[in-house]
Amino acid sequence: MTHWFHRNPLKATAPVSFNFYGVATTPAAAKVCNDLRLSRSRLLELFTDSSCNPEMMKNATDLYFSLLQGFILSLDDSSQECKLRYIQNFKWTDTLQGQVPSAQQDAVFELVSMGFNVALWYTKYASRLAGKEDITEDEAKDVHRSLKIAAGIFKHLKESHIPKLITPVEKGRDLEARLIDSYIIQCQAEAQEVTIARAIELKHNPGLIAALAYETANFYQKADQTLSSLDATYAGKWRKYLNLKNSFYMAYAYCYHGQTLLASDKCGEAIRSLQESEKFFAKAEALCKEYGETKGPGTTAKPSGHLFFRKLGSLIKNTLEKCQRENGFIYFQKVPAEAPQLELKANYGLVEPVPFEFPALNAHWTPETLGAFDLTKRPKDDAAKPKPDEEVKPLKEPDIKPQKDSGCQIS
């Protein structure tokens, strides 16, 4: 059972050398700077390495973030600001606004920007794994967990670290609440898609599947509404995806709700529910076409040609025909003019983000190491700042283009 998820591009960043010649006055201080440079470079390499797995990513992120914390945290656990926080300038692009970078001379900006990319990596890893034609149960669990981890990282950044930035977040940028919230909700919705696929595979109660599909559709609707005030030039394609998934899972909800009604001998209402399912499926089909034609950041695909889409269409058609046959032979019930109201609440299978915390301060950061940074010896022209014309090159991602037109999304 293959899945397909829309993905925005990774954030790109300018190189950082951490070369504080004259400022880092001891070998220990110079070593910390060198370790920061190497671990940052390694982490950036892993973002686009298709062989990278969650264990490799965790090891690399733990090392870099534990070292970077030395520029942020006070060694004596006081509320006093670390003297190194503003020593280095960092440049990052955004997932929606192309290669137009933002720059801040603030280690917290680096922490949240790199953390954002780590969360994006988990979503992209989940997408690659979920797109396989013969995904195993263990791989499905990895997809599910990776999406929950990503949601947890986004949530932690929003609640605990982005508020600490000195420079206010620009509207429409990745670190703004609207975008962060949409990423969190999308991760939860996509993880629930895996849950739904599993429930269908194991032939769980149609009522549970309908409720999960309805909750998932609502997640997608909420994510779309969160983005509604953003410029369509940047967010239009993403929103088409969210609308598509909302309609798709509303079709699922009405389809399985119809099965529940039929099992309760409410054949007329079941037929009306299936007819509503057909409407949402047709809407999703139209949105598939619009998604493929909409320009903007992210992957391109033809969702309506994928197995997950065709499979639902067949299910709706066959279930509706069954209900109509049963009603013609057994029930003879009137089909209501109004579609049944879905007031479904899933008691199982709902996804919550996995709590996330940055690693503790690296052991190489000691009072002696920190004391060996002499800020009075910084060059007056502040060589740490990148040149205004310094180019931020986009990351070459292995999956920014779809592999083929057969691996779209769920169910």
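The values are calculated or read from the model by the stated rules, or taken from the named source; none is laboratory data. This is a predicted model, so every value here is computed, not measured. Glycine also receives a Cβ, built like all others from the backbone with ideal geometry; neighbour counts cover every protein chain displayed. To get the accessible areas, we keep the full protein, side chains included, count just its heavy atoms, and leave off ligands, DNA and RNA. Shrake-Rupley method; radii C 1.70, N 1.55, O 1.52, S 1.80 Å.
Give, rounded to the nearest 20 debye, the magnitude of the charge dipole that the chain has about its Cα centre when Lys and Arg contribute +1 at Cβ and Asp and Glu contribute -1 at Cβ.
Numbers: 52 positive and 51 negative charges, 156 e Å.
Roughly 740 debye for the chain.
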### Task
Please identify which residues in the range 68-103 have an amide N closer than 18 Å to a label point set 7 Å out from the Cα of residue 25, following the Cα→Cβ vector.
83-85, 87
### Task
Run the numbers on the range 156-270 and let me know its relative contact order in percent, using alpha-carbon pairs under 8 Å that are six or more apart.
26
### Query
Over the Cα atoms of the range 83-227, what Rg and Dmax result, in angstrom?
17.7, 59
### Query
How much of the calculated P(r) for the range 155-304 lies past 18 Å, in percent of all Cα pairs?
63
### Query
Helix 54-68 versus the longest principal axis of the chain: what is the Cα-based angle in degrees, 0 to 90, to the nearest 10?
40
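Could you please put 74, 17, 113 in sequence from largest to smallest accessible area, using a 1.4 Å probe?
Working: 74 25, 17 55, 113 0 Å².
Descending accessible area places them as 17, 74, 113.
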### Summary
Per residue, accessible area of the range 81-195 with a 1.4 Å probe, heavy atoms of protein chains only, in Å², comes to 32
### Message
Can you compute 3J(HN,Hα) from phi for each residue in the range 281-295, using the Karplus curve 6.51 cos²θ - 1.76 cosθ + 1.60 with θ = phi - 60°, rounded to whole Hz and x for Gly and Pro?
### Response
5, 5, 5, 4, 5, 5, 5, 4, 5, 4, 4, x, 8, 7, 7
### For the range 218-291, convex hull of alpha carbons as volume per residue, Å³
66
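Please go through the range 91-171 and write out the trypsin sites (Lys or Arg not before Pro) that DSSP classes as loop and that have at most 16 other C-beta atoms within 10 Å. Walk me through the numbers on the way to the answer.
Working: sites: 91, 124, 128, 132, 141, 145, 148, 155, 158, 164, 171; in loops: 132, 171.
The qualifying sites are 132, 171.
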### Query
How large, in percent, is the carbon and sulfur part of the accessible surface of the chain at a probe radius of 1.4 Å?
52
### Task
Take the Cα radius of gyration of the range 217-261 and divide it by 2.2 N^0.38 Å, with N its residue count; two decimals is plenty.
1.37
### Task
Leaving out ligands and nucleic acids, note down the accessible area per residue over the range 7-77 with a 1.4 angstrom probe, in whole Å².
43
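Past the 20 angstrom mark, what percentage of all C-alpha to C-alpha distances in the range 152-234 do you count? Let's see the in-between values first.
Working: 1564 of 3403 pairs.
Cα-Cα pairs in the range 152-234 separated by more than 20 Å: 46 percent.
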### Summary
Helix 232-263 sits off the longest principal axis of the Cα atoms of the chain, rounded to the nearest 10 on a 0 to 90 degree scale, by 40
### Task
Whenever you get a sec, line up 85, 178, 198 from highest to lowest accessible area (probe 1.4 Å, protein heavy atoms).
198, 178, 85
## Note on the structure
In nm², the average projected area of the convex hull spanned by the Cα atoms of the chain is 21.4
## Note on the structure
Between the Cα axis of helix 137-156 and the main Cα principal axis of the chain, the angle (0 to 90°, nearest 10) is 60
